[in-house]
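I have placed the structure first, in the form of structure tokens, so that the comments after it can refer back to it.
The values are calculated or read from the model by the stated rules, or taken from the named source; none is laboratory data. Everything numeric here is computed off the predicted structure, so don't read it as measured data. When we count neighbours, we look across all protein chains shown, and the Cβ atoms used for this are built from the backbone with ideal geometry, even at glycine. Only protein heavy atoms, including side chains, enter the accessible area calculation; ligands, DNA and RNA are left aside. Shrake-Rupley method; radii C 1.70, N 1.55, O 1.52, S 1.80 Å.
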Amino acid sequence: MLLVRCVGFFKEIVVADNFGLSELLDTFLIAVLIPTFINGVFLGSFKSVFIPNYVSELKTGKNIGAFQSTSFIITIFVSIFFFLIAFLFTDVYLETFFSGHTQQYYDLIKIQFYYAAPSILFWGFSSLISGILTIDDEFTYSSISAVFLPLSIIVCLVFFKEALGDIVLAFGTLAGSITSFLFLLIVALKRNVIHIHKPDFASVNIKLLFRQLPAKLASSLLTGINPLVDQYFSAQLIIGSIAALNYGIKIPAFAIGIIGIALGNVLLPYFSKSAVENRKETFNKLKRILKYLILGSVVIMVILLLLSLPIISLVFERNAFTASDSVIVSKIQQMYLLQLPAYVTGLIMVKFLTAINKNNFMVLTSVVSLIMNFVLNFILIDAMGVYGLALSTSLVSIVNSVILYVYISHLNKLHV
């Protein structure tokens, strides 16, 4: 996981070196916003509810092949459906959320979108296969697969920038998505974890999966809208604001990825298996994990806050990325860093609630977060400009984590 995050971070350095706070980077981030939104909300939600119910299927010793086949069919349907939705409504989306720009601006978004959007299908397959490998205690290769996307973008920028022109980032995204899928498929076939039998939509655990899916989808949808809201507000500011927010979140996201995402990928199947055996002890394990995560992430947050400008200057400041860009991005980064302990612990708590099939409550927290984000963006953008958008994100994350912890404590008392 550390390797993946480092390569991903190096990709951002290469992108900054080539584009700085430019229009092309702004348009690329808008172009991939809907595909990544679909991946995170719909495909990610399915993977989250797939894992605990697949674990239950394994425990019962029933037809794993039928469960897998059913899940693959659902993934194919969902991926193609949302790919078509994204393709057909691109114009409406741009005119509604990003009005007031030149035709060249919109043309740049569309041409990059058409290359990046097919990645949705490969992300869907990769997500499901990665979940199967994780349940099979194969964490290394399932994590390493994510390295191909940033690596592909780096290769395209270094060797094919002139040939690919404006589509260099989008083409690199598609190539990396295909490579990642093929890698996971090869690993899964070698480990013999893919079992395709006649699908069974009447399976008890498939039915439970379907019952949990609407709540998880609703929660993820509401949470996933937050980046859209931020992009909408930042698009009202000067050219380069979207790119500045993108750079500002990179180091906090890197720290979050090292601490939280790696743990989250391991803990979802871990909590799922543990909860089946002893739910009360699983609550206690969660509390111990949260305690250490808070202490460690607070220390990291303080260090990064103090060194924000030197870090940004060292990492990004060269060629197209100027010293004035470093000042802007470092301040944005400080606003984002405030959420570090809350975001990491919130991520783990969400994995825990998903593992015990308590997705309904997360719909409520997502509604609160969305409303808070919109209101705070509206207030803080006037007072602080682009920095207010980053601060709003951190405040929402803190409140969300507090709500999740109170709810989990309540559940714990019910099991005393």
* If you roll a 1.4 Å probe over the stretch 317-416 with all protein chains in place, what percent of the accessible area is carbon or sulfur? -> 70
* Spacing of the two label points (7 Å from each Cα toward its C-beta) at Ile196 and Glu95, in nm -> 4.2
* Structure fact -> Checked the stretch 297-416 against the a/c 1.5 cut and the a/b vs b/c comparison, axes a ≥ b ≥ c from its Cα gyration tensor; verdict prolate
* Structure fact -> Over 23 Å (Cα to Cα) among Lys287/Lys358; Lys161/Lys331; Lys198/Lys351 -> Lys161/Lys331; Lys198/Lys351
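With the full set of protein chains in place, find how many percent of the accessible area of the stretch 128-200 is carbon and sulfur; take the probe as 1.4 Å. Show your work: numbers first, answer last.
Working: 2260 of 3490 Å².
Ligands and nucleic acids excluded, carbon and sulfur give 65 percent.
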* To do: Over the stretch 76-121, give the accessible area per residue in Å² for a 1.4 Å probe, as an integer.
  => 56
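From the Cα gyration tensor of the stretch 59-196, with a ≥ b ≥ c the square roots of its eigenvalues, which class applies: rounded if a/c is under 1.5, or else prolate if a/b is larger than b/c, or else oblate?
Oblate, because a/c is 1.5 or more while a/b does not exceed b/c.
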